[in-house]
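Before any comments, here is the structure.
The numbers here are math on the coordinates, done by the rules we state, and not lab data. For clarity, every value in this text was computed on a predicted model and none was experimentally measured. Quick reminder, even Gly has a Cβ in these numbers, built from the backbone with ideal geometry, and neighbours come from all protein chains shown.
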Amino acid sequence: GAAILNAGYGYRSLPLAGVLAMLVAVTVAVASQAWEWRSRATPPLPAAAE
């Protein structure tokens with residue numbers, strides 16, 4: 001947020017940082033899911049409860 005304010009944008013622009021971070025997170029999640037689906041690797045087995 002500080003970088004946006006120092007760049008001359010106002011406080012109204014601060015929510016854009018959250019929106020941008022959310023879009024990056026969704027992009028990474030979708031890419032990860034697609035990569036995992038394409039690899040057809042079997043998921044690791046859960047650890048046995050002790």
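Inspect all residues belonging to the stretch 33-50 and state whether any of them is surrounded by 10 or more Cβ atoms within 10 Å (Cβ to Cβ) and among the hydroxyl-bearing types (Ser, Thr, Tyr).
No: the stretch 33-50 contains no residue that is surrounded by 10 or more Cβ atoms within 10 Å (Cβ to Cβ) and among the hydroxyl-bearing types (Ser, Thr, Tyr).
Kindly check whether there is at least one residue in the stretch 1-13 that is in a helix (DSSP H, G or I), among the hydrophobic types (A, V, I, L, M, F, W, C) and surrounded by 10 or more Cβ atoms within 10 Å (Cβ to Cβ).
yes
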